[in-house]
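Bear in mind that the values in this text are calculations on the coordinates, not laboratory data. From a predicted model like this one, the values you see are computed outputs, not experimental measurements. Note that we place each Cβ from the backbone using ideal geometry, even for glycine, and neighbour counts take in every protein chain shown.
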Amino acid sequence: MKVKELQARAAVPEIELEIVSKGEVRKWANDGGSGTVCSCAGKDSTGEIQVSLWNEQTEDVNEGDKIKILNGWCSEFRGQKQVSTGKKGTLEKL
């Protein structure tokens, strides 16, 4: 799948991205638990997309890394599409 094909509120079977920038790692907490989250920008040959990294992913992925997300999810936040591993997906560095 390519960035230009992503649809909000839809599954992302597989996408490969290069991380072009990485934001600040933030802590979060709610009734369901706590952890860390980080927003990044990822790109492929068709465009750029926001990437949400959660918990250990925030430490494993850095600017310049190439990643593959399998069984991920595309959501929309404040009018901007973003992709993450969601609840069942996996992320691997290439």
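Just a few scattered comments:
- Residue match in the stretch 58-67 (condition: in contact with a Ser or Thr (Cβ under 8 Å, 6 or more places away or on another chain), surrounded by 15 or more Cβ atoms within 10 Å (Cβ to Cβ) and more than 15 Å from Leu6 (Cα to Cα)): yes
- Residue count for the stretch 36-68, restricted to those that are farther than 14 Å from Glu16 by Cα, among the hydroxyl-bearing types (Ser, Thr, Tyr) and in contact with a helix residue (DSSP H, G or I) (Cβ under 7 Å, 6 or more places away or on another chain): 1
- For the stretch 69-90, a residue qualifies if it is among the basic types (Lys, Arg) and either in contact with a helix residue (DSSP H, G or I) (Cβ under 7 Å, 6 or more places away or on another chain) or farther than 17 Å from Lys2 by Cβ (or both), and the qualifying residues are Arg78, Lys87, Lys88.
- Within the stretch 22-51, residues that are under 29 Å from Lys2 (Cβ atoms) have Cβ atoms under 6 Å from residues that are aromatic (Phe, Trp, Tyr) in these pairs: Val37/Trp28; Val37/Trp54, counting only partners at least 6 apart in sequence or on another chain.
- Of the strands (runs of 3 or more DSSP E) entirely within the stretch 42-94, those holding at least 3 residues that are in contact with a Gly (Cβ under 8 Å, 6 or more places away or on another chain) and not aromatic (Phe, Trp, Tyr) occupy 47-54, 66-77.
- Residue count, the stretch 1-15 (criterion: more than 22 Å from Val37 (Cβ to Cβ) and part of a strand (DSSP E or B)): 2
- Scan of the stretch 23-41 for residues that are in contact with a Gly (Cβ under 7 Å, 6 or more places away or on another chain) and loosely packed, with under 14 Cβ neighbours inside 10 Å, ordered by number: Trp28
- If the condition is being under 17 Å from Gly89 (Cβ atoms) and either touching a residue at least 60 places away in the same chain (Cβ under 8 Å) or not hydroxyl-bearing (Ser, Thr, Tyr) (or both), then the stretch 52-63 contributes Leu53, Trp54, Asn55, Glu56, Gln57, Asp60, Val61.
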